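Visitor: Here it is, the structure in full.
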């Protein structure tokens with residue numbers, strides 16, 4: 001058996017029906033739908049016609065998608081703004097929609113989420129001193145897409161509250 005599985009080739013009508021159903025079930029962006037159409041052997045002309053129809057009928061709405069995506073990744077995956085922004089850019093979402101989606105994440109709730117996530121992480125890491133703990137927390141924060149300046153402030157706050165007896169090396 002090969003590594004790649006053969007996907008069924010769809011007709012234009014079949015693809016339109018399947019993509020309409022998929023978009024009605026959950027938010028999708030043009031990039032995701034275009035990839036799915038490409039994988040199922042549709043020509044670029046047919047793909048463009050299907051994407052145009054889906055946009056016209058509001059099955060696909062990039063602004064709406066970006067807001068839902070940002071909210072879900074922030075709330076459930078605990079992603080930071082930088083990681084959300086990067087993921088949306090990879091899906092070729094226009095910059096103004098990305099900015100609007102990120103602006104909807106409230107700063108105070110964002111920092112509370114970061115504080116809770118990093119405090120929880122501190123309990124699971126092994127470290128020898130304050131510097132080691134700070135470095136590990138910072139790398140973790142960066143991997144989650146939190147901004148460096150905000151992450152450092154939060155990390156300092158966490159370390160001051162939780163590591164009073166540790167050396168400052």
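Visitor: Would you tally the residues in the range 106-147 being surrounded by fewer than 15 Cβ atoms within 10 Å (Cβ to Cβ) and assigned to a helix (DSSP H, G or I)?
Guide: 11
Visitor: Which number in (1) under 30 Å from residue 139 (Cα atoms); (2) buried (at least 17 other Cβ atoms within 10 Å of the Cβ); (3) modelled with pLDDT under 95 marks the one condition that residue 75 misses?
Guide: Going through (1) under 30 Å from residue 139 (Cα atoms); (2) buried (at least 17 other Cβ atoms within 10 Å of the Cβ); (3) modelled with pLDDT under 95 one by one, residue 75 breaks only (2).
Visitor: Then there's this: Going through the range 81-105 one residue at a time, which ones are in a helix (DSSP H, G or I) and out of contact with any helix residue (DSSP H, G or I) (no Cβ under 6 Å at 6 or more places or on another chain)?
Guide: 82, 83, 86, 87, 89, 90, 95, 96, 99, 100, 103
Visitor: Testing residue 43 on (1) surrounded by 13 or more Cβ atoms within 10 Å (Cβ to Cβ); (2) modelled with pLDDT under 95; (3) out of contact with any helix residue (DSSP H, G or I) (no Cβ under 7 Å at 6 or more places or on another chain), one condition comes back false. Which one is that?
Guide: (1)
The values are calculated or read from the model by the stated rules, or taken from the named source; none is laboratory data. All of these numbers come straight from a predicted model, not from anything done at the bench. Virtual Cβ from ideal backbone geometry, glycine too; neighbours counted across all protein chains shown.
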